[in-house]
Amino acid sequence: AKIAVDQALRSGGNDVSYFDVTVGQAHARRVELARNLEHAIARDELTLVMQPQLSADGRRLIGGEALLRWQTNGKFVSPAEFIPVAEESGLILEIGDWVLDRACQMTAHYRELGLTDLVIAINISPRQFMQEGFVERVNQVLETYQLPPSSIELEITESTIMDNEDGGMKMLQELKQLGVSLAIDDFGTGYSSLSYLKQFPVDKLKIDRSFIQSIDVSTDDQAIVLSLCQLAKNLNLSVLAEGVESQPQLDVLAQFNCDAIQGYFFSKPLADSDFINFSLRYLADDSEKLAITEKIN
Ligand code: C2E
Ligand code: MG
Ligand code: MG
Ligand code: MG
């Protein structure tokens, strides 16, 4: 790409072949991904990893976010790349069902082991959210694994709700009625107006990582995040900061009365068994630890 850019610049920007080549390549890549993604489930190429979520003081494990991983031809493809492809091709419905099922199965396993306080967060794509019968599907999966609805949390972005006008709000209400927890993901990056926010029957705001990244040094980001934390408090919502990587960032967030934290500072997303081991550290009582250790070994 560097050479193509140089060529385009040398030709005074009139050389369109750079754009043709890269747009063409990007398209070919998406087509290839879509073709492979179609077989991802059948070939058993998908897994869920679990990223711990902790109270802001770091003392309590409150749950985890299930994040999808796809390994194909020996390589991992980032969800940031393949989720949009899945969304565009419609494959996200099948993949989303798989994620929902697997995440609930994992949640049931944690509960069986005695980790009954954990709430497991599951990302829901726009198309999945508006899919006919989505609430019924969620209900069905909860029944299959005998889960209390409050043991899972669905993460939805602002635009997913807003792009659907009344439909989005209705869907939220039905899900809320079912009893699952609802979180707005990547909060601050969408365009939801605050007047809408107060009407959303959601439980949690997840402040996007982009606001957290420089929070230890940027007074602008501090001002934004402090406002978001206060807004959440005033609306009776809980607030979680995404992408916390350092102690100084954590210190600022604790000062702002942020409730919960997710990020590399505490843990990267973990394989299922590593998440279980991680969770043992947060059990107060040694006999509980021992009981779980015996069950997993
Ligand atoms: P997200 O839901 O906002 O998930 C958080 C992302 O931030 C994850 O990236 C996570 O690994 C990353 N992250 C967490 N802590 C840190 C940190 O301290 N530093 C940095 N640099 N990154 C951190 P991941 O797993 O690559 O997922 C990217 C996005 O793909 C997710 O963003 C979500 O929008 C989407 N995605 C992932 N799994 C699923 C899924 O099962 N279904 C759907 N629909 N979307 C998914
Ligand atoms: Mg998320
Ligand atoms: Mg997020
Ligand atoms: Mg994000």
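Rg/Rh, computed from the Cα trace of the range 21-163 with Rh as the Kirkwood radius, has the value 1.00. For the set 233/268; 176/289; 75/268; 268/289; 75/289, the pairs lying more than 25 angstrom apart at their alpha carbons are 233/268; 176/289; 75/289. If you bin all the Cα-Cα distances of the range 251-297 at 5 Å, starting from zero, the percentages per bin are 5, 17, 21, 18, 15, 14, 6, 4, 0. Separation of the range 226-276 from the range 93-157 is 22 Å, based on Cα centroids. Couplings for the range 27-38, taken from phi via the Karplus curve 6.51 cos²θ - 1.76 cosθ + 1.60 with θ = phi - 60°, read 5, 4, 4, 5, 5, 5, 4, 4, 5, 6, 5, 4 Hz in order; Gly and Pro are left as x.
Along the range 221-235 the Karplus relation, 6.51 cos²θ - 1.76 cosθ + 1.60 evaluated at θ = phi - 60°, assigns HN-Hα couplings of 5, 4, 4, 5, 5, 4, 4, 5, 5, 5, 4, 4, 4, 5, 8 Hz to successive residues, with x for each Gly and Pro. The stretch between residue 165 and residue 42, if pulled fully straight at 0.36 nm per residue, gains 40.7 nm over its current Cα-Cα span. Counting only alpha carbon atoms, the long axis of helix 286-296 and the longest principal axis of the chain meet at about 50°. If the chain linking residue 293 and residue 28 were pulled fully straight, counting 0.36 nm for each residue of separation and taking away their Cα-Cα distance, it would gain 90.6 nm.
What value does the range 118-245 have for Rg/Rh, both radii from Cα atoms and Rh as Kirkwood defines it? Intermediate results must be reported in sequence, preceding the final value.
Values: Rg = 15.1 Å, Rh = 15.3 Å.
For the range 118-245, the value is 0.99.
What do you get for trypsin sites (Lys or Arg not before Pro) in the range 192-270 restricted to DSSP loop and a cutoff of at most 16 other Cβ within 10 Å of the site's Cβ?
Values: sites: 198, 204, 206, 209, 233; in loops: 198.
Taking the range 192-270 and a limit of 16 other Cβ atoms within 10 Å, the loop trypsin sites (Lys or Arg not before Pro) found are 198.
Against the main long axis of the alpha-carbon atoms of the chain, helix 79-89 sits at an angle near 70°. The tail of the calculated P(r) for the chain beyond 25 Å holds 55 percent of all Cα-Cα pairs.
Out of all DSSP beta bridges in the chain, what portion is antiparallel? Express it as a percent rounded to 5. In the chain, approximately 40 percent of DSSP beta bridges are antiparallel ones. Helix-only arithmetic for the chain: the sum of -39500 (n - 2.57) across DSSP H runs with n ≥ 4, divided by the residue total, places the mean residue ellipticity at 222 nm at -15000 deg cm²/dmol.
Computed over protein heavy atoms with a 1.4 Å probe, the accessible surface of the range 18-166 works out to 48 Å² per residue.
What part of the accessible area of the range 133-266, given as a whole %, is carbon or sulfur when the probe is 1.4 angstrom? Spell out each step's value before the answer.
On the way: 2840 of 6200 Å².
Carbon and sulfur: 46 percent of the exposed surface of the range 133-266.
Counting only protein chain heavy atoms and rolling a 1.4 Å probe, the accessible areas of 132, 153 rank, largest first, as 132, 153. Kirkwood hydrodynamic radius computed over the range 192-242 comes to 11.4 Å, based on all pairs of distinct alpha carbons.
The values are calculated or read from the model by the stated rules, or taken from the named source; none is laboratory data. Not measured: the values here are computed from a predicted model. Positions of Cβ are generated from backbone atoms using ideal geometry, with glycine treated the same way; all protein chains shown enter the neighbour counts. SASA here: full protein model, heavy atoms, side chains in, ligands and nucleic acids out. Shrake-Rupley method; radii C 1.70, N 1.55, O 1.52, S 1.80 Å.
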